[in-house]
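Have a look at the structure below before the remarks.
The values are calculated or read from the model by the stated rules, or taken from the named source; none is laboratory data. Since the model is a prediction, treat every value here as computed from it, not as a measurement. Heads up, the Cβs are rebuilt from the backbone with ideal geometry, glycines too, and the neighbour counts pull from every protein chain shown.
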Amino acid sequence: MTDEAVPVFADATPRIRRVAVDRPWTWLAAGWRDVMAAPGVSLAYGALMVAVTYLLLLVLLQAGVFWLVLPLTAGFFFTAPLLAVGLYETSRRLAAKEPVSLGHAFAAYKRNGTQLSYMGVILGLFHLGWIRIATLIFAVFFGVGFNPTWESIMVKLMAPNAIPFWAVGSAVGAVLAALVFAISAISIPMLLNRDVNVFTAVATSFTAVRENWPAMTLWAGLIVAFTAFGVIPLFLGLAVTMPLVGHATWHAYKDLVE
């Protein structure tokens, strides 16, 4: 870490510290320590998120729209920062040597609840926008004259001529994900920890990403990797990877914002 700090606004508060490019590994290590310090809360929180995911899959299956699993899974990156509020609170309480529990974790949503709700609306709109865009991209490349079942979509996606679709879809998704990462990387922990509004939190997050883009690029890549590791084994890995990344995100916020 350097001693230099960059003000987000003209009044110099809050300020963003500049950190070394390998700093995300320190955040991960601190996040793992929090998992080990409160394994019951952390792993139960992650397991609950997995259970909710399976419930959503069941709803999609019963509704006959199971094909939405793909865009919803890809859009998980948009909503995950808000879903991890309880993990941020657990890390905060561990640092303050306060008792931790699932009750304390979920009660955190009440703190600065209005501003957290606004952030939820923003992330939700990004998620809905991504689902709509992904559907339109699919229609452009494959047309709409077929029954959109899981089987029919997978046949088309696995065909050799699907490469342009994957390229365009990945590029568009990456742009949206980068925007969401820039505004949410540390904004939600900040809303939990300080009495600020969503505009201040988003501006602070954007400044932190801009001023530390090498470290934050690595951090974004690590988040994608750990999330993928959690999703691939039928979402079961999220019970561990989500708490790890959630706790580490809290430490990223505390490291970057003064």
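Some observations on this one:
- Residue satisfying all of: in region 87-109; touching a Leu at 6+ places or on another chain (Cβ under 9 Å) and surrounded by fewer than 19 Cβ atoms within 10 Å (Cβ to Cβ); farthest from Thr200 (Cα to Cα) among these: Leu102
- Number of the exception - Ala84 against (1) under 19 Å from Ser187 (Cα atoms); (2) touching a Leu at 6+ places or on another chain (Cβ under 9 Å); (3) surrounded by 16 or more Cβ atoms within 10 Å (Cβ to Cβ); (4) not β-branched (Val, Ile, Thr): (2)
- Cβ-Cβ under 6 Å pairs, at least 6 apart or on other chains, region 12-26 side under 13 Å from Thr207 (Cα atoms), far side β-branched (Val, Ile, Thr) and at pLDDT below 95: Pro14/Val8; Ile16/Val6; Arg18/Thr2
- Which numbered condition Ser205 fails, given (1) touching a Ser or Thr at 6+ places or on another chain (Cβ under 7 Å); (2) in contact (Cβ under 8 Å) with a residue 40 or more places away in the chain: (2)
- Some residue of region 205-216 being under 12 Å from the mean Cα position of the chain (by Cα), of a type in the set (S, T, N, Q) and closer than 24 Å to Ala10 by Cα: no
- Test: Ala29 is of a type outside the set (Lys, Arg) and either part of a helix (DSSP H, G or I) or in contact (Cβ under 8 Å) with a residue 12 or more places away in the chain (or both): yes
- Every test in (1) under 17 Å from Met190 (Cβ atoms); (2) among the acidic types (Asp, Glu); (3) more than 17 Å from the chain's Cα centre (by Cα) is passed by Glu89 save one, and that test is (3).
- Some residue of region 61-81 being closer than 23 Å to Ile183 by Cβ, in contact with a strand residue (DSSP E or B) (Cβ under 6 Å, 6 or more places away or on another chain) and surrounded by fewer than 16 Cβ atoms within 10 Å (Cβ to Cβ): no
- Region 229-241 residues that are within 16 Å of Val52 (Cα to Cα), paired with ones that are modelled with pLDDT of 90 or more and part of a loop (DSSP other than H, G, I, E, B) (beta carbon under 6 Å, 6 or more apart): Gly230/Gly237
- Sole residue being surrounded by 21 or more Cβ atoms within 10 Å (Cβ to Cβ) and either more than 13 Å from the chain's Cα centre (by Cα) or part of a loop (DSSP other than H, G, I, E, B) (or both), chosen from Ala201, Ala248, Ala167: Ala201
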